[in-house]
Amino acid sequence: MTEPVSPLLPLLSWQHLSLHAAFTTRPLLTNLTGEVRSGEILAVMGPSGSGKSTLLTLLNRMRSATSGSIVMQGKPLSSYPIPQLRRQIAYLPQQAVLFPGTVADNLTVGCRLWQIPCDVPGWLAHVDLDPAIAEQSASTLSGGQAQRLALARTLALEPTVLLLDEPTSALDGPTALDIERLIQNWVAAKERAVIWVTHDPHQAERIASRLLRIEAGQQAFLGKPGDTWGGTRS
Ligand code: ADP
Ligand code: MG
């Protein structure tokens, strides 16, 4: 769906982002600057309440920054229509949000909206779900199966940037590793990037091309894993 991406441009970049909220004098985010380029996974870490999820909400305009700018492939984020933007910068929450209906209904909902084809058995197999469950009620899925389905539904819309908010924190270890592998394969395949909030330093070290650490809304560290940050704090 997207125009060819110039390899010279970051897929998504943000400059001097700050967010003030009326209900508190302390800014929720202060002067964050960063980018993701093709093939990268940026892991976002920091204590609970430090602003990690808030940053994701700014990056696909679920919220607007008080100041600063966000640029996607050389154009301001504000120049993209919101539906296209949310498709191109897709958000996957910690727990899958499924609606009543079958597995196939849930998988194809976005494709039907955008009127694009969706290979149901192919996508189910891709996320290691048995294609035979396509007509089963989505309410029968385990947490791990539901998250695989939500991931397939998101990837079927061919996003460029994936925003992940602790997508494996409610899953068992082997399922979490499977999801990591799926996302690592996805990001390596085309002009794509991932911004992945995780509280697990071991996960961050496994998946991250670069790490961003946020503390009290401020950028405490941005660099390669192992550069100066030890990786032992969550
Ligand atoms: P994290 O994801 O790092 O745990 P969040 O981004 O969810 O942190 O939240 C950062 C801070 O902003 C927290 O102190 C949270 O309470 C506050 N916050 C964010 N949005 C709102 C809101 N709409 N109303 C009240 N507090 C909010
Ligand atoms: Mg959060």
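The values are calculated or read from the model by the stated rules, or taken from the named source; none is laboratory data. Keep in mind that what you see is a predicted model, and the values were worked out from it rather than measured. Glycine also receives a Cβ, built like all others from the backbone with ideal geometry; neighbour counts cover every protein chain displayed.
Looking only at segment 203-210, decide whether some residue is within 25 Å of residue 49 (Cβ to Cβ), part of a loop (DSSP other than H, G, I, E, B), within 16 Å of ligand 2 (Cβ to nearest atom) and in contact with a helix residue (DSSP H, G or I) (Cβ under 8 Å, 6 or more places away or on another chain).
No, that holds for no residue.
So which residues in segment 166-218 are in contact with a Phe, Trp or Tyr (Cβ under 7 Å, 6 or more places away or on another chain) and not aliphatic (A, V, I, L, M), if there are any at all?
The answer is 192, 213.
For a quick check of your reading of the model, give me the residue pairs whose first member lies in segment 154-169 and is more than 16 Å from ligand 1 (Cβ to nearest atom), whose second is in a helix (DSSP H, G or I) and of a type in the set (Phe, Trp, Tyr), with beta-carbon atoms closer than 9 Å and at least 6 apart or on different chains.
From segment 154-169, the pairs are 155/123; 155/186; 156/123; 157/114; 162/186.
Give me the residue from segment 24-75 that is in a loop (DSSP other than H, G, I, E, B) and closer than 21 Å to residue 190 by Cβ and, out of that set, farthest from ligand 1 (Cβ to nearest atom).
Result: 74.
If you scan segment 85-130, which residues turn out to be among the β-branched types (Val, Ile, Thr), more than 15 Å from residue 150 (Cβ to Cβ) and either under 19 Å from the mean Cα position of the chain (by Cα) or within 16 Å of ligand 2 (Cβ to nearest atom) (or both)?
Within segment 85-130, 89 is the sole residue that qualifies.
Please specify each residue of segment 93-143 satisfying the condition of being within 25 Å of residue 181 (Cα to Cα) and of a type in the set (Asp, Glu).
119, 128, 130
Name the pairs: first residue in segment 51-68 and within 22 Å of residue 199 (Cα to Cα), second residue basic (Lys, Arg) and surrounded by fewer than 23 Cβ atoms within 10 Å (Cβ to Cβ), Cβ to Cβ under 8 Å, at least 6 apart or on different chains?
The qualifying pairs are 54/63; 57/63; 60/86.
Here are some conditions: (1) farther than 20 Å from residue 196 by Cα; (2) touching a strand residue (DSSP E or B) at 6+ places or on another chain (Cβ under 7 Å). Residue 75 meets all but one. Which one does it not meet?
(2)
I'd like to check something: does segment 69-84 contain any residue that is under 23 Å from residue 20 (Cβ atoms) and within 16 Å of ligand 2 (Cβ to nearest atom)? Explain how you work it out, then say what you get.
Narrowing segment 69-84 to residues under 23 Å from residue 20 (Cβ atoms): 69-71, 76-78, 82.
From what is left, the residues that are within 16 Å of ligand 2 (Cβ to nearest atom) are none.
No: zero hits.
Evaluate the following for residue 18: is it of a type in the set (Ser, Thr, Tyr) and either in contact with a Cys (Cβ under 6 Å, 6 or more places away or on another chain) or surrounded by fewer than 15 Cβ atoms within 10 Å (Cβ to Cβ) (or both)?
Spelling it out, it is not the case that residue 18 is of a type in the set (Ser, Thr, Tyr) and either in contact with a Cys (Cβ under 6 Å, 6 or more places away or on another chain) or surrounded by fewer than 15 Cβ atoms within 10 Å (Cβ to Cβ) (or both).
Here is a list: 155, 163, 182, 141. Which entry is in contact with a helix residue (DSSP H, G or I) (Cβ under 8 Å, 6 or more places away or on another chain), surrounded by fewer than 21 Cβ atoms within 10 Å (Cβ to Cβ), within 26 Å of residue 224 (Cα to Cα) and of a type in the set (A, V, I, L, M, F, W, C)?
Selected residue: 182, the only one of 155, 163, 182, 141 that is in contact with a helix residue (DSSP H, G or I) (Cβ under 8 Å, 6 or more places away or on another chain), surrounded by fewer than 21 Cβ atoms within 10 Å (Cβ to Cβ), within 26 Å of residue 224 (Cα to Cα) and of a type in the set (A, V, I, L, M, F, W, C).
Collect the residues in segment 92-109 that are at pLDDT 95 or above, surrounded by fewer than 19 Cβ atoms within 10 Å (Cβ to Cβ) and closer than 23 Å to residue 192 by Cβ, keeping them in residue-number order.
109
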